[in-house]
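To keep things clear, I will list the structure first and then write my remarks on it.
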Amino acid sequence: MLPLAFPLALVIALLAWRAGSITLPGAFAAACVGTSVLLGAGWSGGAVLLAFFVSSPIVSRLNPNRGAEALGAKEIGRATC
């Protein structure tokens with residue numbers, strides 16, 4: 001399955017990048033995660049992962065005020081010790 005898993009995951013990740021859903025480094029990370037999931041969980045695991053990555057940006061755009069920034073996560077990242 002490896003010869004098919006990585007190219008498939010890479011194509012899907014690059015499509016997400018072209019759509020503006022993720023950054024280019026995020027696309028390569030998604031390709032690695034997708035490959036790992038396909039190898040570890042098979043086609044059913046890949047289908048679940050794909051459903052998550054397709055639905056996440058759609059749900060985020062429906063109500064943009066419910067993101068991490070609305071919960072104060074942006075402020076936590078700025079904290080210094």
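Quick check on region 6-30: of everything there that is modelled with pLDDT of 90 or more and under 9 Å from the mean Cα position of the chain (by Cα), which residue is most open to solvent (accessible area, probe 1.4 Å)? In this case the residue turns out to be ALA29.
Taking the criterion of being open to solvent by less than 70 Å² (accessible area, probe 1.4 Å), aliphatic (A, V, I, L, M) and over 9 Å from the mean Cα position of the chain (by Cα), the residues of region 32-66 that qualify are VAL37, LEU38, ALA41, ALA47, ALA51.
The values are calculated or read from the model by the stated rules, or taken from the named source; none is laboratory data. Because the structure is a prediction, the values reported are computed rather than measured. The area values use the complete protein model at the heavy-atom level, side chains included, leaving out ligands, DNA and RNA. Shrake-Rupley method; radii C 1.70, N 1.55, O 1.52, S 1.80 Å.
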